[in-house]
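Derivation of every value follows stated rules applied to the coordinates shown; laboratory data play no part. Model, not experiment: these values are computed from the prediction. Ideal geometry is used to build each Cβ from the backbone, glycine not excepted, and the neighbour counts take in all protein chains shown.
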Amino acid sequence: MSGTALIVVTHLLGSGHLVRAAHLARALARGGLAVTLASGGMKLRPMEGEPFAFAQLPAVRTEGVDFRTLVDEAGRAVEPGRMAARTAALQELATRLRPDVVVTEHFPFGRRQLAEEFLAVIAAAKAANPRALVLSSVRDVLVTPKPARIVEAQERLARLFDAVLVHGEESFLPLERSWPVDAALAGKLRYTGYLADVPALTAAPDHGEILVSGGGSAAALPLFALALRAARLGPARWRWRVLVGRGVSEEAFLCLAGAASDRVVVERARPDFPVLLAGCALSISQAGYNTVLDLVAARRPAIVVPFDEGAETEQAVRAEALEQAGLALCLRLSGLRPLTAEALVRAIETRIGGAVPAGGPRPDDAGRAVAVVKRLLDERR
């Protein structure tokens, strides 16, 4: 496979969108494409040494789950000039690269507040290369918006996009569980399997540690606080480790560390998380895309507490699918019976040391995604 590809992504809350886009970029580059990944979210880690080129746009993010309001690195409301600079940078990239493939991560299913720049980069790419393949890249579960926005997204899909890469397994969690799929959209869906870098893990001993994690953002702070209270109530033999993402402020991190009992280690998220997970007695986590894949690969007893503030439904849908497959117990922080520290201790007692059945989603190294893109390019040429 030869040619050029431009992938455009903006992560606004956690890091999952960028992690997934980088995984796809890496796989396409190794498959033979000259790939550029343009990111409009906050800088997370250096991208040197990757097999793709990386372009950082003037960054934006959200404050909490209010996705209508974008702020800059200092937390100030984003000014029109910053948004114009982002759009101009993307147009310049598309004009200069003349990409054979353009991938918009999450758009047009989401990122409606960034529609202008996504539409501009598609238009610029098509002007530079009229035969450019335009793809949308989405995770397994979407947040279903209001009906009018669904109509808007479906119109853009029909008019602008050649296919939709769904990074999930249709047999485990079909897209229609979270988004209405009509005949026109069904014809464009291409399931690629779950994208993840899952290292080969040797069997690790059960060291009795309860591992609490929450992805890269501050969305897990309520779960962390609850876990610290539960640690004080549970048996003294339980040892706990709480891994706090880089998106949590230093002030909030220090507050968590100060509230921990002597049987709890509170530290920043670690690159060897999969190894820690493989050796834990029990995992307590949210139900983000990458966290769940790590969990399924490790095959450890698990409790998942999906992030469900505001109108967020993505993690709840995924967590319920895991529970239905017998891979985790799903508990909720909201609703009629919100989770308490006492209830969490009781849940741990029922899960710790239990067996984990086979099955569930299987992480893929993006080989299927590369094959799909190659086939679409061959058909176009």
Item checked: the stretch 234-381, relative contact order in percent, only Cα pairs under 8 angstrom and at least six apart counted -> 18 percent
Notebook entry, point to check: Between the stretch 202-262 and the stretch 100-174, what is the C-alpha centre distance in whole Å?
Noted result: 36 Å
Item checked: In Hz, Karplus ³J(HN,Hα) per residue of the stretch 118-128 (6.51, -1.76, 1.60; θ = phi - 60°; x = Gly, Pro) -> 5, 5, 5, 6, 5, 4, 5, 5, 5, 5, 7
Check: Picking from GLY247, PRO222, ALA123, whose Cα lies most toward the positive end of the charge dipole for the chain (charges on Cβ: Lys, Arg +1; Asp, Glu -1)?
Finding: ALA123
Margin query: Net charge within 13 Å of LEU256 by Cβ-Cβ distance, Lys/Arg positive one each and Asp/Glu negative one each, not counting LEU256 itself?
Written below: 0
Next item on the list: Take VAL164, VAL265, VAL103 and order them by how many other Cβ atoms sit within 10 Å, fewest up front.
Entry: VAL265, VAL164, VAL103
Check: Which of GLY335, THR291, VAL101 sits farthest toward the positive end of the charge dipole of the chain, with +1 on the Cβ of Lys and Arg and -1 on the Cβ of Asp and Glu?
Finding: VAL101
Next item on the list: Work out how much length SER2 to ARG45 would gain on full extension: take 0.36 nm times their residue separation and subtract the Cα-Cα distance, in nm to one decimal.
Entry: 12.7 nm
Checklist line | HN-Hα J in Hz across the stretch 258-271 - Karplus 6.51, -1.76, 1.60, θ = phi - 60°, x for Gly and Pro | finding: x, 8, 7, 7, 6, 9, 10, 9, 10, 8, 5, 3, 10, x
Next item on the list: Return a whole-number percent for the relative contact order of the chain, with Cα pairs under 8 Å and 6 or more residues apart as the contact set.
Entry: 15 percent
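Just round it to a whole percent: the fraction of Cα-Cα distances in the chain exceeding 26 Å.
Every Cα pair in the chain considered, those over 26 Å come to 52 percent.
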Notebook entry, point to check: What's the angle, to the nearest 10 degrees (0 to 90), between helix 367-380's Cα axis and the longest principal axis of the chain?
Noted result: 10 degrees
Check: What residue among PHE172, LEU37, ILE150 has its Cα farthest toward the positive end of the dipole of the chain, where the charges are +1 on Lys, Arg and -1 on Asp, Glu, each on the Cβ?
Finding: LEU37
Margin query: Could you compute the longest span of the chain free of GluC sites (Glu not before Pro) located in DSSP loops and having at most 16 other Cβ atoms within 10 Å, not counting the site residues?
Written below: 171-308
Margin query: In whole Hz and in residue order, list the ³J(HN,Hα) couplings for the stretch 74-87 that follow from phi through the Karplus curve 6.51 cos²θ - 1.76 cosθ + 1.60, θ = phi - 60°; x for Gly and Pro.
Written below: 8, x, 8, 4, 5, 8, x, x, 5, 5, 5, 5, 4, 4
Check: Using the Cα atoms as the points, what is the convex hull volume per residue of the stretch 248-344 in Å³?
Finding: 132 Å³
Margin query: Let's see if you can work this out: charge +1 on each Lys and Arg Cβ, -1 on each Asp and Glu Cβ, no other charges. What is the dipole magnitude of the stretch 241-381 about its Cα centre, in debye to the nearest 20?
Written below: 480 debye
Margin query: Under 5 Å between amide hydrogens, which residues at least 5 positions from ALA302 or on another chain qualify, with H placed 1.01 Å from N in the peptide plane?
Written below: SER283, LEU329
Notebook entry, point to check: At a Förster distance of 35 Å, what's the computed FRET efficiency of GLU92 paired with ASP272, Cβ-Cβ distance as r, to 0.05?
Noted result: 0.35
Check: Residues with amide H under 5 Å of VAL244's amide H, sequence separation 5 or more or different chain, H placed in the peptide plane at 1.01 Å from N; which?
Finding: GLU267, ARG268, ALA269
Margin query: Can you give me the long-range amide H partners of VAL35? Hydrogens built in the peptide plane at 1.01 Å from N, cutoff under 5 Å, separation of 5 or more residues or another chain.
Written below: ALA5, ALA53
Item checked: Simple Cβ-charge dipole of the chain, Lys/Arg +1 and Asp/Glu -1, about Cα centre, in debye nearest 20 -> 320 debye
